[in-house]
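First up is the structure itself, then whatever we jot down about it.
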Amino acid sequence: MNEKFPKTVSTSSRAFNYFKEVWRETFPDDQNKTLSRMEQRKQSAKMQKEYEENAEHIENLQEQIPEWKRGAIAVTEQEAVEEKPGLFKRLSGKLTSTKTA
């Protein structure tokens, strides 16, 4: 079914997962909470281990980059964006300008 109707399967699985989340929030279960916390801790420990293993690799990559390339990227502040008046503000401005004239 996944091969014939991939959009249907992805949509229904998202809807089902959303329903499961709502059900868990509505009817909490202490045992499931404990299990989910354990799973989260295992995942965070796994990610930390992967980060520690890759930290040396990242440092080696950074050492291979020449000095002139390291300082080549400059961070600049973002310019302030001016907000354009919306439709209602423009119309209200036109109405008030015609009333005073």
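Read-outs throughout are calculated quantities, based only on the coordinates presented, and are distinct from any laboratory measurement. This is a predicted model, so every value here is computed, not measured. Please note: Cβ atoms are built from the backbone with ideal geometry, for glycine as well, and neighbour counts cover all protein chains shown.
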- Estimated FRET transfer efficiency (Trp23, Glu3; beta-carbon r; R0 30 Å; 0.05): 0.55
- Note on the structure: Rounded to the nearest 0.05, FRET efficiency between Glu67 and Lys46 (Cβ-Cβ, R0 35 Å) equals 0.50
